[in-house]
Amino acid sequence: MSEHHLTDTSFASLGLPEALLAGTQAAGFEYCTPIQAQTLPVALGGRDVAGQAQTGTGKTAAFLLAAFNYMHRQDEAATETSLSRGPRLDPSGEAARAAGEVSSRPRSAPRAVILAPTRELAVQIHKDAELLARHTGYRLVLVFGGTGYDSQRRALEEGVDVLIGTPGRIIDYLKQQVFTLSHVQVMVLDEADRMFDLGFIKDIRFLLRKMPEPARRLNMLFSATLSCRVMELAHEHMNEPETVRIEPDKRTADKVTQLLYHTAMEEKLPLLVSLLRHHGALRSLVFINTKDMAEHVAATLKANGFEAAVLSGDVPQTQRMKLLADFTQGDLPVLVATDVAARGLHIPEVSHVFNYDLPQNAEDYVHRIGRTARAGASGDAVSFACERYVFSLPEIEAYIGHKLPTSPITPEMLPKLEPSARREYHPRPERGRGGRPDRRPGRPQEPRRAPRAHHPEHGARHPEPETRPTRPAESRPAAAPPPVSAPAPAKYPGADLKPVSKPQVRRSGGDKPVIG
């Protein structure tokens, strides 16, 4: 055991096939992490697993190795059945059924389906799967929304053994009958709690009902938290899963150095630039809550000598993959991202994570700083607590179980910045009752604009009354008296009488009217 985050259980002792052992060696895996050491013996024995562990602990490798091993055993059983001369070698008939399913399976019917909540996580799973299954010969197909619709469809039609993707695009192809789920042998649901958060649970249930019954397949569910709703899903669509929980002593990794600065809104950008200059800006992630602010921060960093880019939900998928590849290879030192990058991304050697905005969910704080100090490495997590997002700090500290250490801000840590070419971003004030801006103290307010009629750039629409030209009184002609006209004759008797006014009704105090 070379690192404290590993166990004494080696992959060689698990009885994996030679092809999978070669894949683990190519990936540099020798000893199991705690979640791998406890879930792999269960899954390799053919039993369903519901596993919980914090981010960056090796859950992906655990379910990939278990899925490939199950498929390999099914192939071996089918081969033995085809070579046997009689049913006496297979009294239960399970191998015969497996052989029949393998032989009758269409090319476009996947044997394993791995579901992920986000496109970035699906891409990461596919990348790890290619490495571990490089010697198995299994055909892996990745499908997700946002790009490559026709190419992904052709890949499915050409044949697939392991289907990895997001629920929406998988359902799209399934309804078009591009493939079928009637021959699925392995089902994996990754980040199950995130599926609920993103509203994918109905899609997940739809796909699970299209697969064979749970007793005829291997089912694995992994999540950062095994909540009641996640366990309800597991017991409904899995075959008596065995629960494995890896409870860490701390919510965050031991080798993450956490630090907090109490800043004003206008101090955050200068402080970020100062810290990036001090630390060398070597593969740093900057998390921001909104897309507009992320674009403003990235533009300011570029104007001050940093190569930075924005990763948000609105970025096209092809550009996302290019940004992640550049960031992973070190060509892009600073990546400004929203919470779309907080989960599922395994980027090695991320040195610093900056919470430019404190997250409004305590769990998101743990996932954000989990992008650094992965697999036993060390890293720094720096957070800014401004007057806009400081209200999340007590909840975060209660969730992680300790106070965040703070550091003072000195004047030299706030350098003067070069302005960006992008239009300066001003956040909208939060709305109070009746749709009006909230004027409570401590919240930034937008400057009020002058009325258009008095705006200095536009001038007044009409001249002021005292500036209007007037004629002298003696030069003006006297007003002629109005002509006297005779009263019009009455058209009917009594038409010249005044109408009687009705009494006014007013209300005072109670419900009864008062006449006066």
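The values are calculated or read from the model by the stated rules, or taken from the named source; none is laboratory data. Quantities reported herein were computed from a predicted structural model and do not represent experimental measurements. Note: ideal-geometry Cβ built from the backbone for every residue, glycine included; neighbour counts use all protein chains shown. Just so you know, the surface numbers come from the protein's heavy atoms only, side chains and all, with ligands and any DNA or RNA stripped out. Shrake-Rupley method; radii C 1.70, N 1.55, O 1.52, S 1.80 Å.
Counting only protein chains, not ligands or nucleic acids, how are Lys416, Lys403 ordered by accessible area (probe 1.4 Å), most first?
Numbers: Lys416 190, Lys403 155 Å².
Listed by decreasing accessible area, they come as Lys416, Lys403.
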**Report entry** Residue-level accessible surface for Ser13, protein heavy atoms, 1.4 Å, Å²
**Finding:** 80
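Where does each of Tyr365, Tyr70, Tyr389 land when they are ordered by accessible area, with a 1.4 Å probe and the largest first? Walk me through the intermediate numbers first.
Values: Tyr365 0, Tyr70 45, Tyr389 25 Å².
Sorted by accessible area, descending: Tyr70, Tyr389, Tyr365.
For the cross-link pairs Lys59/Lys255; Lys268/Lys403; Lys302/Lys322; Lys302/Lys403; Lys127/Lys255; Lys255/Lys416, which exceed 30 Å when the distance is taken from alpha carbon to alpha carbon? It would help to have the intermediate numbers written out before the result.
Working: Lys59/Lys255 20 Å; Lys268/Lys403 21 Å; Lys302/Lys322 18 Å; Lys302/Lys403 34 Å; Lys127/Lys255 26 Å; Lys255/Lys416 33 Å.
Violating the 30 Å Cα-Cα cut-off are Lys302/Lys403; Lys255/Lys416.
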Query raised in the report: What is the local net charge at Leu115, summed over the other residues whose Cβ is closer than 10 Å to its Cβ (Lys, Arg +1; Asp, Glu -1)?
Result: -3
Requested in this report: Averaging sequence separations of C-alpha pairs under 8 Å and six or more residues apart, then dividing by the length of the stretch 299-403, give the relative contact order as a whole percent.
Outcome: 22
Query raised in the report: Roughly how many Å is it from the Cα centre of the stretch 103-141 to that of the stretch 283-325, as a whole number?
Result: 30
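Express the carbon and sulfur contribution to the solvent-accessible surface of the stretch 99-244 as a percent, rounded to the nearest whole number, probe 1.4 angstrom. Intermediate values should be presented prior to the final figure.
Details: 2690 of 5920 Å².
After summing per-atom areas, the C and S share lands at 45 percent.
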Requested in this report: Give me the distance between the Cα centres of the stretch 268-282 and the stretch 189-212, rounded to whole Å.
Outcome: 41
